[in-house]
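Working notes for the structure below.
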Amino acid sequence: MSEAGAEVAGETGPARGARLEIRTLKRDDLIECLLQGWRDFAAAPLYGLFFGGIYALGGMTLVALFLALHLPWIGYPLTMGFALVVPFVAAGTYEVSRALERGEPLGWGRVLGAVWSRSGKDLGWMALVTVFALIIWVDFAIFIFLMFYGLHIPTVQELVIAVLSTGKGVLFAAVGNTLGAIIAMFVFSITAVSFPLLVDRDVDFVTAMLTSVRCVLKNPAQMVAWALLIALFLGASILSGFVGLFITLPVLGHASWHLYRKLVV
């Protein structure tokens, strides 16, 4: 579709804030989205490596900072919570997939300009929501740590041994990971399709979040499976020393675009 055609489509499409129609996912849709995500990454790898690199280097910097401050115990929850901001970091990959889908030419000005032009609008508000969720995540992690260990700060080795061999450590890990999973699922529900939706259409961020929640509620099994796939890929990439994020983040970003296209009419 040409840009003029896109403008006409926007003028005749649903009004801003209108309730959008949600499709039901088929059994093989998730695998198909991953394959499409890989094809988009292979078609324009430099853009994906750029956005994946930003995320990977950001994660490395945060972990190095907390190690330098002798606060290694917060590295794990912060690293896991850092995944909450993936949808915003991957916004550039949505624009790349959008252009590839329409057969339109790609360029750094177009991709970065599209993200920048929307960052001061509702996409920016969504980014604030995810950053706020990350802050809450870290606050809860600190509160739980203080509740179990007080002001005594164990070394990484002591903490690992405690988690693996003591009842107190096991309970600490269980409570922390359970609470983290609840927060992560809530954030996933409001961001699963909201960011690509905001990149693609002129909707407000509240409508985007509600549409995302409706997608999850209409397709609970598939969307929970999608959340677990994202967690699996990101977890493996983080264990690689964040290097794997150079590829997994853009592939998941492109795949999320195609999942959005399958879900929202």
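Bear in mind that the values in this text are calculations on the coordinates, not laboratory data. Bear in mind the structure is a predicted one, so any value in this text is a computation, not a measurement. Don't worry about glycine lacking a Cβ; one is built from the backbone with ideal geometry, like all the others, and counts go over all protein chains shown.
Details
- Between residue 264 and 23, the built amide H atoms are under 5 Å apart, and every one of these is 5 or more places off in sequence or on another chain.
- Full extension of the chain between residue 106 and residue 26 yields a length gain of 25.7 nm, computed as 0.36 nm times the residue separation minus the alpha carbon distance.
- When the alpha carbon gyration tensor of the range 121-265 is reduced to an equivalent ellipsoid, the three semi-axes, largest first, read 33, 17, 14 Å.
- The chain: angle of helix 122-149 to the longest principal axis, Cα-based, in degrees nearest 10: 10
- Among 191, 61, the ranking by other beta carbons within 10 Å of each residue's beta carbon, starting with the fewest, stands as 61, 191.
- Highest-MSF residue in the chain out of 246, 172, 51 [GNM, Cα springs under 10 Å]: 172
- Burial ordering of 137, 257, fewest other beta-carbon atoms within 10 Å first: 137, 257
- Contour excess over end-to-end distance, with Cα ends at residue 146 and residue 175 and 0.36 nm allotted per residue: 9.2 nm
- Cα-derived Rg to Rh of the chain, Kirkwood definition: 1.00
- Entry note, the chain: the mean residue ellipticity at 222 nm calculated from DSSP H runs of n ≥ 4, each adding -39500 (n - 2.57), is -25500 deg cm²/dmol after division by the residues and rounding to the nearest 500.
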